[in-house]
Each structure stands twice: as structure tokens, then as C-alpha cells.
Amino acid sequence: MKKVPSSRRSADDLGFRLGTGVFASLVVLLVAGIFVELYRTSSLSIEKFGFRFWTGQTWDPVSGEFGALPFIWGTLYSSFLALLLSTPVALGIAIFLAELSPRALRTPLAFMTELLAAIPSIVYGLWGIFVLVPIVRKLQLMAPDWLKKIPLFEGPPLGVGMGAAALILAVMVIPFTSSVAREVLKAVPASQREAAYALGATRWEAIRAAVRYGRTGIIGAVILGLGRAIGETMAVTMVIGNNPQVSWSLFAPQYSMAAVIANEFTEAADDLYLSALIEVGLVLFVITLVINALSRLLIWSVNREARVKAARPVVPVVPEAPGAA
């Protein structure tokens, strides 16, 4: 076998490193390009309103007054509600498929769960209008009067509103979170479970140990679901009610950032109106970046805590002699 000169190997390694580095840098350039273009095309709104655009609650194209707070609130509120509803269900599905499901059911159930992610958003929106909205309206009408007086449950019995949007987002988020969490649990070494069983652990305790071992990946799966919920457009637009207000009520019609862009972009008759809508997109872009940065910080802190615990020396407990004072 002919020996390759070390200088040629170094050149090949350098070329490979530079080539792959170019592909990686394209991601950075793409993100930077999106930010620059959004900022440039929304400069008219930024110059006129400044930070007041983030905190203003008035959205009036006729008078030229624009504030994005109702849309920011609607996006974050619906996304975190969806996360709260979907995470236990998604983790339950992942644990069942990875740990408890019979072999004959595992593949069909996994396929059906992943199929939910392939359903178009507009189909979810239609299902929400014809199935979910009437159910929410009926539940609201059946609620006792004392419950309707609580700010969280007050509002007109329309069916469309924050509750319907959160429910449909939860359904859409479940396949993403459960699929990634299932792969994380499958990647946990079998020795972890065997060690737990050897120490006398029950089935539940062994599963809990596997979940703790893969918690970093599970956190990543939950954050992936959150990103999916924040960026959703059509399904939310069809059931959230599209009313720019800030409210804690689950039944009040509200709005989201993606929904206002989809609904009003073609209606923007003047430059300021168009610039304000593009700035809403810029705000959504910035919020998405901040949430992803915070998620990476959370994952880093979890990993650091795990490394500290693993490096901590175990001090053996020496029992006292009988009769010792």
C-alpha cells in the first residue's frame, strides 16, 4: 500500500475543513441576511415608533398608529399554553413507545404519531373550526356562572379565542416533541436500565432513571415544540379570533404575530402600514432567537449540573461502633 505524504494529508484535511466551514457559515450568513433585510424594510416604522412599537396596544392603520404588544402577547401566551398542554402528553407517548409498548404496536403507533406532523396547517385549521371551536363553545356555555366571573374564563361564548388556539397548537406540537423524546430514550444505554434493575429498582424507577439520563435531549425536544408553536400561522389564524387585545381570558378572541402578517399584508395600502407589518416579523424573528438562546443556556446549565454531580466524590458512611457516645 502506497504511503500518502504527510504534506498531502495536511492539505486534504485543510481543504475538507474549509469546505465544510463554508457550508456552516452559510447558516450564519442566512440568519444575518434575514435580520438585515427585515430591519431595512421596517426602518420607517422603527424610526417613527421606536421601542413604543413593542409596548403599544393600539393597532389602527387608518390613523397610522401601530403597537405590537397584543400580537406579542397572543403569540407567547398561546405558545406557552400549548407547551403546558402538550408536554405531558408527548412525554407519555414517548415513554410508552420506547419503554412499555408491545413490539407489535410500537411501529404502527410511532408511524401514526409522526403522521400528525405531516398534516398541513390549513387542515388543522379546518378541523379546529368545524370540530374544536364548537366543543370549546359548548364547554363555555356549560360552565357555571361563578366560573365565568373569573378573569381566566370570562369572555363571549364564540368558541374562537385563546383556548381554541392553544388546544390546536398543542395537538400540532405533540408529534415533534414525542418523536424527538422517543429517540432520546431509545439512545439511553441499556446498561443504565440494567444497573437500576440490579439495585432492585421497579419498572417505573428504571424508566425514571432513563428519563433523567436523557433529560438534556428531552429539554431540547420540548424547546423544538415551542419553536413550532411560536411560528405557526394558518391554524392559529383560523381559531384565535384575530382581535388585537391583551387579555388573560382563555375564551377572549386575541391575535398573534404570524396571524396579523398573514391577514393584513396584502391590505397594506401605505408605506408605514407595510413597514409596521414587516417590523412585526422582525419582532417575531428576534423573540425566536432569544428563546433559542435561552434554551441553549438552559441545556448548558443542566449539563453543567450533571457534570458537577458526576465529579463530586462519594464519601462513604462509616457506621459508629456499638455503644459509642
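Does V188 satisfy being under 26 Å from L298 (Cα atoms) and outside any helix (DSSP H, G or I)? Working first, answer last.
On the way: under 26 Å from L298 (Cα atoms): yes; outside any helix (DSSP H, G or I): yes.
Yes, satisfied.
Considered as a group, the residues in the range 12-55 that are small (G, A, S) and closer than 19 Å to D271 by Cβ include one that is surrounded by the most Cβ atoms within 10 Å (Cβ to Cβ), and that residue is S45.
Condition check: outside any helix (DSSP H, G or I) and over 25 Å from R212 (Cβ atoms). Does F111 satisfy that?
On the way: outside any helix (DSSP H, G or I): no; over 25 Å from R212 (Cβ atoms): yes.
Taking the combined requirement at face value, the residue does not satisfy it.
M112 passes every criterion in (1) closer than 22 Å to A235 by Cβ; (2) touching a residue at least 12 places away in the same chain (Cβ under 8 Å); (3) within 23 Å of the chain's Cα centre (by Cα) apart from (2).
If I go through the range 230-255 residue by residue, how many of them are part of a helix (DSSP H, G or I), farther than 23 Å from R137 by Cβ and either open to solvent by less than 40 Å² (accessible area, probe 1.4 Å) or not small (G, A, S) (or both)? Residues meeting the conditions: 1.
Of the residues making up the range 266-279, none is within 29 Å of G217 (Cα to Cα) and modelled with pLDDT of 75 or more.
Residue-level analysis places A90 outside the set of residues that are open to solvent by less than 30 Å² (accessible area, probe 1.4 Å), at pLDDT below 90 and of a type in the set (A, V, I, L, M, F, W, C).
Does A269 satisfy being crowded, with 19+ Cβ neighbours inside 10 Å, of a type in the set (G, A, S) and within 23 Å of W54 (Cα to Cα)? Explain how you work it out, then say what you get.
Values: crowded, with 19+ Cβ neighbours inside 10 Å: no; of a type in the set (G, A, S): yes; within 23 Å of W54 (Cα to Cα): yes.
Spelling it out, it is not the case that A269 is crowded, with 19+ Cβ neighbours inside 10 Å, of a type in the set (G, A, S) and within 23 Å of W54 (Cα to Cα).
Restricted to the range 2-59, and to residues there that are out of contact with any Leu (no Cβ under 8 Å at 6 or more places or on another chain) and not in a helix (DSSP H, G or I), the residue that is modelled with the lowest pLDDT is V4. Checking each residue of the range 285-304 against the condition of being under 29 Å from R215 (Cβ atoms), touching a helix residue (DSSP H, G or I) at 6+ places or on another chain (Cβ under 7 Å) and at pLDDT below 70 gives at least one match. Here L116 meets each of (1) hydrophobic (A, V, I, L, M, F, W, C); (2) exposed (fewer than 11 other Cβ atoms within 10 Å of the Cβ); (3) within 24 Å of V180 (Cα to Cα) with one exception, condition (2). Condition test on G74, is it within 30 Å of V160 (Cβ to Cβ), open to solvent by less than 30 Å² (accessible area, probe 1.4 Å) and in a helix (DSSP H, G or I)? Yes: the conditions hold for G74. All conditions but one from (1) at pLDDT 80 or above; (2) in a helix (DSSP H, G or I); (3) over 22 Å from Y77 (Cα atoms); (4) open to solvent by 80 Å² or more (accessible area, probe 1.4 Å) apply to R307; the one that does not is (1). The set of residues from the range 121-174 being in contact (Cβ under 8 Å) with a residue 24 or more places away in the chain and in a loop (DSSP other than H, G, I, E, B) comprises P151, L152, F153, E154, G155, P156, P157, L158, G159, V160, G161.
The values are calculated or read from the model by the stated rules, or taken from the named source; none is laboratory data. The model shown is predicted, which means the values in this text are computed figures rather than measured ones. For neighbour counting, all protein chains shown are included, and Cβ atoms are generated from backbone atoms with ideal geometry for every residue, glycine included. For accessibility, only protein heavy atoms count, side chains too; no ligands or nucleic acids. Shrake-Rupley method; radii C 1.70, N 1.55, O 1.52, S 1.80 Å.
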